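> To start, I am sharing the structure in question, which I have written as structure tokens.
Where a number appears in this text, it was derived from the coordinates with a stated rule and is not lab data. Treat the numbers as computed from the prediction; the structure is a model and nothing was measured. Heads up, the Cβs are rebuilt from the backbone with ideal geometry, glycines too, and the neighbour counts pull from every protein chain shown.
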Amino acid sequence: KGINVYMLTGDNKATAAIIASKVGIDSDNVIAEVLPQDKANAISSLQDNGYKVAMVGGGINDSAALAQADLSIAMGKGSDIAIDSSMATIVSSDLGKIPQLIGLSHRTVKIIYENLFWAFIYNILAVPIAAGVFYPINGFLLNPMVAAACMAMSSVCVVTNSLRLKRG
């Protein structure tokens, strides 16, 4: 889907090649025997070439690269400094959870936009009616108790909509 996967590792080239072949990373995208600061420089270089970079790591040596990346994901069994440097942490060491994390983030953003839409609709429609904006025009005035109930229901709707994230 237009994602280029790179492997930056301090391991030797032979070990890196074996691991890359097992996980399906193109051998041209394997950079081995990399020092920690060189990982951050490699990410910076990719960013300079227009790439959005997600970095997955867990060791102390990954913390600078995690800080440099556009999206940084730490593995939960990693070092505390890597976890602190990352934007997201996967509690297990299962790399297969990364697509789930990305899917969850997309669903979260979608629900945030939905919640903002409904909150704005409420505020654009109900608040002026409750304030009596239409009273001089058609004599309609919303009882403040009804407006308060609508506000509470608006909050319940936002929370209920957000709970859809639990369903996956």
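> How many times 2.2 N^0.38 Å is the alpha carbon radius of gyration of the range 27-81?
Expressed relative to 2.2 N^0.38 Å, the Cα Rg reads 1.09.
> Shifting gears a bit: Sort the range 105-144 into rounded, prolate or oblate with this rule: let a ≥ b ≥ c be the square roots of the eigenvalues of the Cα gyration tensor; rounded if a/c is under 1.5, and if a/c is not under 1.5, prolate when a/b is larger than b/c, oblate otherwise.
prolate
> Tell me the trypsin sites (Lys or Arg not before Pro) within the range 1-47 that lie in a loop according to DSSP and have at most 10 other beta-carbon atoms within 10 Å.
Hits after loop and neighbour filter: Lys1.
> Follow-up. Which residues make up the longest stretch of the chain clear of chymotrypsin sites (Phe, Trp or Tyr not before Pro) that lie in a DSSP loop with no more than 16 other Cβ atoms within 10 Å, not counting the sites?
Answer from the scan: 52-133.
> Which entries in the list Lys13/Lys77; Lys110/Lys166; Lys13/Lys39 go over 18 Å, if you measure between the two C-alpha atoms of each?
Check vs 18 Å cut-off fails for Lys13/Lys77.
> In a shell of Cβ-Cβ distance under 11 Å around Arg107, excluding Arg107 itself, what net charge do Lys and Arg (+1) and Asp and Glu (-1) give?
Local charge sum for Arg107: +3.
> While we're here: Pull out a ≥ b ≥ c, the square roots of the eigenvalues of the alpha-carbon gyration tensor of the range 64-104, then state rounded if a/c is under 1.5, prolate if not and a/b is larger than b/c, and oblate in the remaining case.
oblate
> How much space per residue, in cubic angstrom, does the convex hull of the C-alpha atoms of the range 1-114 take up?
Dividing the Cα hull volume of the range 1-114 by its residues yields 115 Å³.
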